[in-house]
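FYI, it's all coordinate maths here, none of it is from the lab. Since we're looking at a predicted model, the values are computed, not measured. Cβ coordinates were reconstructed from backbone atoms using ideal geometry, including for glycine residues, and neighbour counts include every protein chain displayed.
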Amino acid sequence: MKHLVILMIDNRFSRTYTKAMIVILGKKGKLATSFCRHIKVKPTFLGKDIAPFESPAKVIEQLNALKPTVVINCAQYSEVEKADSEKEKCQYMIHTTPAQMAKWCAQNDSLFIHFSSPLVFDGSGSDFRSENDKQNPLSFLGQTYQQAEQAILKSGAKHFIFRTHWLYASVGCHFIKKVLDQGKLEGQLKAINDEIGSPTSCDDVAKSVVKILEKIQGLPEIPSGVYHMTGFGETNQHEWCEEILSQGTSLGFPLQVRQVKAVKFKDLYPSGTQLSNGRLSNQKILKAFGIQLPDWKSAMLKTLQEMKKNH
Ligand SMILES: NC(=O)c1ccc[n+]([C@@H]2O[C@H](COP(=O)([O-])OP(=O)(O)OC[C@H]3O[C@@H](n4cnc5c(N)ncnc54)[C@H](OP(=O)(O)O)[C@@H]3O)[C@@H](O)[C@H]2O)c1
């Protein structure tokens, strides 16, 4: 049975949802796996095998067959460093297909949930960016995220766009996993110290989205819009890497590396586009839904404990 999680009343459409059928795109990904753990009734997951984003028509065909009341897009273009040489694929993954899904949601009175990135900003200054601050994406990837957001906003669908950053989980590929793998070998690690952001636990994001879905039950109108949702606090990858090694060592991970060399972004990626300031203000989501994600160090400890248990 794939319904009965959420009761939503939306007066604009005079429609009462007594049964929510949830479809999640991005079957084996980090965030999709966290939704699988925290959403109360089993959603239907669509992987790239049957819903490849390079073929939007196939994705829409699946939506037509399943007729979900909530669509959660957790698919991601993961090979970030190839974005400039794979522009067409990147466009389909991040913008074209999500835009078509949003259109489908508008036509079918369904709620569309999408995840975006601080790459829509230019990373200047040192302030925490608010949702409506001026956007100025510097990279092709950032421009594509921006186009997706704009298309979803224009689609007319009820929607939530959650901008998040530096996601990790107890499964999948991410920064923590890479540090733990490389830290097994003797030698020195290098990590960037001139990009600031917030490590964010996929479990915390999934739990918060579920909470929001529960909170909007009975609201006269769904408060569609862009919301920031990142782990509390800020750091850079050098400090993050040191914290991973410190917590990992205390938990008994087999780590040889004790030293992390701080490097500048441009030392590692001379032709890459840097996002120096990826800080996102989480005030809007706190005010609207009373949601504040745990601080990044304690959230990471939970994930590391789980990774150790599953090791
Ligand atoms: N990771 C971050 O730091 C970050 C930051 C900001 C925003 N986001 C957004 O957060 C969401 C979740 O990210 P994540 O880190 O959980 O992603 P992830 O772990 O990299 O998983 C992405 C999933 O996308 C699916 N996928 C890959 N290529 C596909 C294709 N051609 N067609 C359809 N599906 C395809 C794969 O699903 P299957 O192989 O299982 O089918 C994969 O498991 C994404 O929307 C992402 O844009 C992530």
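Restricting Ile60, Ile72, Ile94 to residues that are farther than 22 Å from Leu275 by Cα, within 21 Å of the chain's Cα centre (by Cα) and surrounded by 16 or more Cβ atoms within 10 Å (Cβ to Cβ) narrows the list to Ile72. In the stretch 71-99, the residues that are small (Gly, Ala, Ser) form Cβ pairs under 6 Å with partners that are near the ligand (Cβ under 7 Å from one of its atoms), at six or more places apart or across chains, as follows: Ala75/Leu25; Ala75/Gly26; Ala75/Phe53.
Going by the structure shown, is Cys105 outside any loop (DSSP other than H, G, I, E, B), over 26 Å from Tyr168 (Cβ atoms) and hydrophobic (A, V, I, L, M, F, W, C)? For Cys105, the condition - outside any loop (DSSP other than H, G, I, E, B), over 26 Å from Tyr168 (Cβ atoms) and hydrophobic (A, V, I, L, M, F, W, C) - is met.
Where helices (runs of 4 or more DSSP H) sit wholly within the stretch 164-262, those with at least 3 residues that are within 15 Å of the ligand (Cβ to nearest atom) and surrounded by 20 or more Cβ atoms within 10 Å (Cβ to Cβ) occupy 202-215. Here Asp49 clears all of (1) among the charged types (D, E, K, R); (2) exposed (fewer than 13 other Cβ atoms within 10 Å of the Cβ); (3) within 11 Å of the ligand (Cβ to nearest atom); (4) under 18 Å from Gln107 (Cβ atoms) except the condition numbered (4).
Within the stretch 274-311, if we keep just the residues that are among the small types (Gly, Ala, Ser) and part of a helix (DSSP H, G or I), the residue that is farthest from Asp204 (Cα to Cα) turns out to be Ala288.
Just one of (1) surrounded by 14 or more Cβ atoms within 10 Å (Cβ to Cβ); (2) over 20 Å from the mean Cα position of the chain (by Cα); (3) within 9 Å of the ligand (Cβ to nearest atom) trips up Val41, so point out which. Of everything listed in (1) surrounded by 14 or more Cβ atoms within 10 Å (Cβ to Cβ); (2) over 20 Å from the mean Cα position of the chain (by Cα); (3) within 9 Å of the ligand (Cβ to nearest atom), Val41 misses just condition (3).
Looking across the stretch 116-135, just one residue is in a strand (DSSP E or B) and touching a Leu at 6+ places or on another chain (Cβ under 7 Å), and that is Arg129. Every condition in (1) more than 14 Å from the ligand (Cβ to nearest atom); (2) touching a helix residue (DSSP H, G or I) at 6+ places or on another chain (Cβ under 6 Å) holds for His95 except the one numbered (1).
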